[in-house]
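The values are calculated or read from the model by the stated rules, or taken from the named source; none is laboratory data. All values reported here derive from a predicted model rather than from experimental measurement. In this analysis, Cβ positions are derived from the backbone assuming ideal geometry, glycine residues included, and neighbour counts consider all displayed protein chains.
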Amino acid sequence: MRALITGGAGFIGSHLGELLLQEGHEVVALDNLSTGRLQNVEALQKNPRFTLVVGSILDERLVDKFVERCDVVFHLAAAVGVELIVQKPFESLTTNIRGSEIVLEAANRYRRPTLITSTSEIYGKNSHGPLKEDEDRILGSPLKSRWSYSTSKAVDEILAYTYWREKGLPTVIVRLFNTVGPRQTGTYGMVIPRFVQQALKGAELTVYGDGKQSRCFMHVQDAVQAIMKLIHLPKAAGQAFNLGSQEEVTIESLAQQVIAQTRSRSRISHIPYDEAYEEGFEDMQRRVPDTTKAREFVGFRPTRDLKSIIQDVIDYTQKTPDLISVK
Ligand code: UDP
């Protein structure tokens, strides 16, 4: 098949492209290179079945042209990273809502099955885990960027879902919990690449808040394998799936593990949320997915533990020295 990946030069998009090529498919990656990077797809560009189109999902004619030429659409382009969202809330909203509208409109015009990636952020402050797909969303004020982002991704989900319900377009929603691996940049938040970069250059590891908040980190390979299976599964249409790990770790303990695995002499510093993000910033204490549904539908089971995920990021960061020089 010929697949269109929006956000195809991004962290997750580039790994998905690689997997599609390995399985013999053709890939068109559409990316405006805002958070995506040419470097991510350098190796893929050597494959004649891969095409990179530099452009925006807000460009309706461009999106129309490439959706028509492809058999399936993976819509991954989005504003990502808590830091970016807090800094540029307007741009984040437009990219997510208007962008998804344009992609889904085109997908419906040519009746192309579409998978959209959403996020665990849609559950908001609901911190009692493990969270199932039909769990309540608990949000703060829409004037806080984190909650407006959560809302924008929920609108994307509703759009995809209603295209299925009312127009019969096969759409699948994947809610990614914290996903990590090579090529993820620490520039927009993303704690593991940041800690690894800090540890490798001997800088302090910046733990926000008291460090008791916890997360579960999934390797990007586990995510893209599941995404591939879901697009091929007819009964997945009209459904949402959590994808994530259940190996829970506090951020303080994560910092200690990164220091140990890099054999760094760095210390840990605690930074109040107000200073790290913006005044009144709200974090979630805990975020653990229930992934029973993905296991039942496509046999999803994460294969990589936290230690090997951290190691992978260390190896990648050491091979990419310009990352270590980032602030
Ligand atoms: N975090 C941190 N130091 C950093 C970056 C992030 O302590 O330099 C914290 C962040 O406040 C959150 C957790 O690490 O509690 C995970 O952050 P990330 O941005 O990776 O993902 P999130 O789960 O917030 O979407």
### Query
Of the residues that make up the range 211-229, is at least one part of a helix (DSSP H, G or I) and within 16 Å of the ligand (Cβ to nearest atom)?
yes
#### Entry: Pairs with Cβ under 7 Å, 6+ apart, first in the range 195-219 and on the phi > 0 side of the Ramachandran plot and touching a residue at least 40 places away in the same chain (Cβ under 8 Å), second more than 8 Å from the ligand (Cβ to nearest atom) and of a type in the set (Lys, Arg)
GLY202/ARG265
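Before we move on, is ASN108 surrounded by fewer than 22 Cβ atoms within 10 Å (Cβ to Cβ) and not aliphatic (A, V, I, L, M)?
Numbers: surrounded by fewer than 22 Cβ atoms within 10 Å (Cβ to Cβ): yes; not aliphatic (A, V, I, L, M): yes.
Answer is yes for this residue.
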### Message
For the range 33-73, give me each residue that is among the basic types (Lys, Arg) and touching a Leu at 6+ places or on another chain (Cβ under 9 Å).
### Response
ARG49, ARG69
### Message
I'd like to verify a number: residues in the range 157-198 that are in contact with a strand residue (DSSP E or B) (Cβ under 6 Å, 6 or more places away or on another chain) and not in a loop (DSSP other than H, G, I, E, B), how many?
### Response
14
## Note on the structure
For helices (runs of 4 or more DSSP H) lying entirely in the range 1-112, having 3 or more residues that are in contact with a Phe, Trp or Tyr (Cβ under 6 Å, 6 or more places away or on another chain) and in contact (Cβ under 8 Å) with a residue 40 or more places away in the chain picks out 82-87
### Residue ID - nearest to the ligand (Cβ to nearest atom), chosen from residues in the range 199-210 that are out of contact with any strand residue (DSSP E or B) (no Cβ under 7 Å at 6 or more places or on another chain) and of a type in the set (A, V, I, L, M, F, W, C)
ALA203
### Message
Name the residue that is farthest from the chain's Cα centre (by Cα), counting only residues in the range 220-236 that are more than 20 Å from PRO182 (Cα to Cα) and surrounded by 19 or more Cβ atoms within 10 Å (Cβ to Cβ).
### Response
ALA236
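Could you say whether any residue in the range 119-128 is crowded, with 18+ Cβ neighbours inside 10 Å and away from the ligand (no atom under 16 Å from the Cβ)?
no
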### Message
Being within 13 Å of the ligand (Cβ to nearest atom) and either of a type in the set (Lys, Arg) or modelled with pLDDT of 95 or more (or both) narrows it down to one residue among GLN256, GLN246; which is it?
### Response
GLN256
### Message
Would you confirm, using the coordinates I've provided, whether ARG215 is closer than 21 Å to THR320 by Cβ and touching a Lys or Arg at 6+ places or on another chain (Cβ under 9 Å)?
### Response
no
### Message
Being farther than 22 Å from THR320 by Cα and among the aliphatic types (A, V, I, L, M): is that true of ALA154 here?
### Response
yes
### Summary
Selection from the range 186-197 of residues over 14 Å from the mean Cα position of the chain (by Cα) and near the ligand (Cβ under 8 Å from one of its atoms) yields ARG194, PHE195
### Query
Which members of the range 173-191 meet the condition of being modelled with pLDDT of 95 or more and among the polar types (S, T, N, Q)?
ASN178, THR179
### Cβ pairs under 9 Å, 6+ apart, first in the range 264-289 and without any contact (Cβ under 8 Å) to a residue 24 or more places away in the chain and more than 10 Å from the ligand (Cβ to nearest atom), second not hydroxyl-bearing (Ser, Thr, Tyr) and not in a loop (DSSP other than H, G, I, E, B)
none
